[in-house]
Amino acid sequence: MCQKKCEYKSLSEFINKNFDKRKFGNIVNEYLYKKNMTTKELSENAGIDRKLISKFIADCNYHPSKETALAVCIGLKLNSREARELLKISGYTFSSNSQRDLTVIYALDAGVSRVSEVNGLLEEVGEKLFKE
């Protein structure tokens with residue numbers, strides 16, 4: 001089907017080779033374990049209800065909003081590389097033309113680990129705050 005020289009024989013072969021089966025909740029759960037963090041700590045840091053955290057850990061089909069995914073990145077104390085990977089799994093990316101996204105990247109790499117602290121930085125640059 002490809003007009004150009006393709007390394008794949010079919011679309012299904014391409015998809016099977018490139019499809020990332022990891023899910024948001026699974027990755028969050030892995031980080032909780034790796035960082036020896038409880039869902040309560042994540043909830044407090046991210047400003048997210050524990051019921052929502054339980055929901056996306058239990059439901060492999062849960063798809064977070066970008067807002068939720070970013071708050072989880074902050075709450076898990078991820079660095080910008082880890083956060084990019086978690087966002088990618090969620091179907092999002094950081095945008096280099098968004099002051100808000102750049103502020104979150106800055107905060108992650110500066111070790112800021114609470115949404116309330118990131119909100120202070122967002123307020124400085126006049127950007128939308130995270131819900132707490």
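Here's a check for you: in the stretch 23-60, which residue that is closer than 18 Å to residue 115 by Cα and hydrophobic (A, V, I, L, M, F, W, C) is surrounded by the fewest Cβ atoms within 10 Å (Cβ to Cβ)?
Checking each candidate, the answer is 37.
Determine if the stretch 34-43 includes at least one residue that is touching a helix residue (DSSP H, G or I) at 6+ places or on another chain (Cβ under 6 Å), touching a residue at least 24 places away in the same chain (Cβ under 8 Å) and of a type outside the set (Asp, Glu).
Yes, the stretch 34-43 has at least one match.
Tell me the helices (runs of 4 or more DSSP H) entirely within the stretch 76-132 that contain at least 2 residues that are in contact with a Ser or Thr (Cβ under 7 Å, 6 or more places away or on another chain) and aliphatic (A, V, I, L, M).
Numbers: elements: 80-90, 99-109, 115-124.
Answer list for the stretch 76-132: 99-109, 115-124.
Residues to consider are 65, 113, 80, 90; find the one that is touching a residue at least 40 places away in the same chain (Cβ under 8 Å) and under 22 Å from residue 20 (Cβ atoms).
Matching residue, one of 65, 113, 80, 90: 90.
Sort out which residues of the stretch 52-75 are part of a helix (DSSP H, G or I) and polar (S, T, N, Q), and write them in order of number.
Selection gives 54, 68.
Values in this text are rule-based calculations from the coordinates and carry no lab data. Keep in mind it's a predicted model, so treat the numbers as computed, not measured. Neighbour counts are summed over all protein chains in view; Cβ atoms, including those assigned to glycine, are modelled from backbone coordinates with ideal geometry.
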